[in-house]
Amino acid sequence: MISASPRFPLFALALVGLALAGCSEQNKAPQAAPQAAPVTVAKPTVRSVTDYDEYVGRFTAVDLVQVYARVSGYLQSINFTDGQLVKQGDLLFTIDKRPFQVALDQAQANLAKAQADLDFAQADLQRAQTLIEDRTSTAISKQTFDQRLQTERSARASVTGAEAAVHSAQLDLEFTDLRSPVTGRIGDRKVSVGNLVTGGAGGANTNTLLATIVSIDPIYFEFTYDEASFLRYQRMAKQMGENGKPIPVELGLIDDKGFPHKGTLNFVDNQISTETGTIRGRAEFANADATFTPGMFGRIRVPSSTPHDAVLVPDVAIGTEQTRKFVYVMQPGDQPQVPQMKYVTLGRQIDGQRIINSGLTKDDLVVVNGLVRIRPGAQVIGKLEQPAAPAGTGTEAPAAKPAN
């Protein structure tokens, strides 16, 4: 008897062979081409812009006053809190007044005595004048009359000197109250109550420094720039006609984004430093809220050109190839197509857009969205971006349509 089991492996092998043949035929079938990826294109924006130069500098006070005593004496009181804002005329320090009041009383007494001597000398001279005019009288000689005249003149001079002494004593008494000469912020006190302070005409080398005051509003910002920039600004001023209008500048602090603070350039030094080759400029800023402090660093932006038209594209449309920047551009017409790369040089950023200094024209169609979908040699479909509807119209911007 013959067994049927050997026939089953042969049948299974036949089925496997047919399956493999089918797979081979399927692999040989042509594959569909990959679908072109969509991207958004738009023409560059053209707007009037002004070029700027940026510098770093420091704030300085318009007024800086070191408070010294004008008379010597013991400090009696301090009438401010360290670091507070003071107004012009506010009382800051008081020196013991008693010695100066005594000196004033003495000067006034001397003035009263000198005035009494003058009154007597004038009366005596008046009598001598009457006698000397009477030619029939021999009661007074010419020499005696001259002596009384000299006595009256001396008494008059004594009164003038006594009046000056009284005025000087009054000033010394007034100087015992030290008041703020400017409005600003005062620093910390340099002496305490009870200390002997030295004043007078000795100057800063011998007199006692009591405090320092800096003005706050307005405030200056000083910076330096090179000779080439100075010449460029001079030529720009001549082109603008030098109409006398202050040059507007913008400033940003260390934690500011951009340059939100507005001011004006109000001074340029009259000579270039022979050591550094730079010249000093100064701008003025309002500082009513005391945001700026003398000595603080800042970044200032100064216009370096007159307004001119510039080409701008969204910052997201710019790619980087090592050290070079580029954008993808497409041609109007049939889609899909392979985008072309254009190398560009960049300017500053304005409201999320970047100025293109060279490499692009206003008529180019730039890929502004979908750069990650672009592959070398691969085709894409460019859809033209439509401008947004004006605010307040209640309508929505139309959808993007293919570029043509």
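The values are calculated or read from the model by the stated rules, or taken from the named source; none is laboratory data. Bear in mind the structure is a predicted one, so any value in this text is a computation, not a measurement. Neighbour counts run over all protein chains shown; Cβ positions are idealised from the backbone, glycine included. Note: areas computed on protein heavy atoms with side chains; ligands, DNA, RNA excluded. Shrake-Rupley method; radii C 1.70, N 1.55, O 1.52, S 1.80 Å.
On the stretch given as segment 82-134, residues that are over 30 Å from ALA211 (Cα atoms), open to solvent by less than 80 Å² (accessible area, probe 1.4 Å) and of a type in the set (Phe, Trp, Tyr) total 0.
Among the conditions (1) open to solvent by 60 Å² or more (accessible area, probe 1.4 Å); (2) closer than 16 Å to VAL368 by Cα, ASP289 misses just one, which is (2).
For THR160, the stated conditions hold: it is out of contact with any Lys or Arg (no Cβ under 6 Å at 6 or more places or on another chain), open to solvent by 40 Å² or more (accessible area, probe 1.4 Å) and part of a helix (DSSP H, G or I). Checking each residue in segment 250-292 for being β-branched (Val, Ile, Thr) and either in contact (Cβ under 8 Å) with a residue 60 or more places away in the chain or out of contact with any Gly (no Cβ under 9 Å at 6 or more places or on another chain) (or both) picks out THR264, ILE272, THR274, THR276, THR278, ILE279, THR291. Somewhere in segment 150-157, is a residue on the phi > 0 side of the Ramachandran plot, surrounded by fewer than 17 Cβ atoms within 10 Å (Cβ to Cβ) and in contact with a Leu (Cβ under 7 Å, 6 or more places away or on another chain)? Checked against the condition, which is being on the phi > 0 side of the Ramachandran plot, surrounded by fewer than 17 Cβ atoms within 10 Å (Cβ to Cβ) and in contact with a Leu (Cβ under 7 Å, 6 or more places away or on another chain), segment 150-157 yields no hits at all.
Among the conditions (1) open to solvent by 40 Å² or more (accessible area, probe 1.4 Å); (2) assigned to a loop (DSSP other than H, G, I, E, B); (3) at pLDDT 90 or above, the only one that LYS262 does not satisfy is (2). Hey, does segment 242-249 have a residue that's in contact (Cβ under 8 Å) with a residue 40 or more places away in the chain and under 21 Å from ALA69 (Cβ atoms)? No, that holds for no residue. Mind checking whether some residue in segment 201-216 is assigned to a helix (DSSP H, G or I), open to solvent by less than 50 Å² (accessible area, probe 1.4 Å) and hydroxyl-bearing (Ser, Thr, Tyr)? No: segment 201-216 contains no residue that is assigned to a helix (DSSP H, G or I), open to solvent by less than 50 Å² (accessible area, probe 1.4 Å) and hydroxyl-bearing (Ser, Thr, Tyr). Determine whether segment 303-318 contains at least one residue that is more than 30 Å from VAL86 (Cβ to Cβ), of a type in the set (S, T, N, Q) and either modelled with pLDDT of 90 or more or out of contact with any Lys or Arg (no Cβ under 7 Å at 6 or more places or on another chain) (or both). Yes, the conditions are met somewhere in segment 303-318.
Of these, TYR68, TYR74, which one is in contact (Cβ under 8 Å) with a residue 60 or more places away in the chain, of a type in the set (Phe, Trp, Tyr), open to solvent by 70 Å² or more (accessible area, probe 1.4 Å) and more than 30 Å from SER229 (Cα to Cα)? Testing whether each residue is in contact (Cβ under 8 Å) with a residue 60 or more places away in the chain, of a type in the set (Phe, Trp, Tyr), open to solvent by 70 Å² or more (accessible area, probe 1.4 Å) and more than 30 Å from SER229 (Cα to Cα) leaves just TYR74.
Residues in segment 355-387 that are in contact (Cβ under 8 Å) with a residue 24 or more places away in the chain, farther than 12 Å from VAL327 by Cβ, open to solvent by 20 Å² or more (accessible area, probe 1.4 Å) and part of a loop (DSSP other than H, G, I, E, B): 6 in all. Restricting to segment 279-338, name every residue that is among the β-branched types (Val, Ile, Thr), outside any strand (DSSP E or B) and touching a helix residue (DSSP H, G or I) at 6+ places or on another chain (Cβ under 7 Å). Of everything in segment 279-338, just one residue is among the β-branched types (Val, Ile, Thr), outside any strand (DSSP E or B) and touching a helix residue (DSSP H, G or I) at 6+ places or on another chain (Cβ under 7 Å), namely THR306. Would a scan of segment 185-197 turn up a residue that is under 30 Å from ALA61 (Cα atoms) and free of Cβ contacts under 8 Å to residues at least 24 places away in the same chain? For segment 185-197, residues under 30 Å from ALA61 (Cα atoms) and free of Cβ contacts under 8 Å to residues at least 24 places away in the same chain: present.
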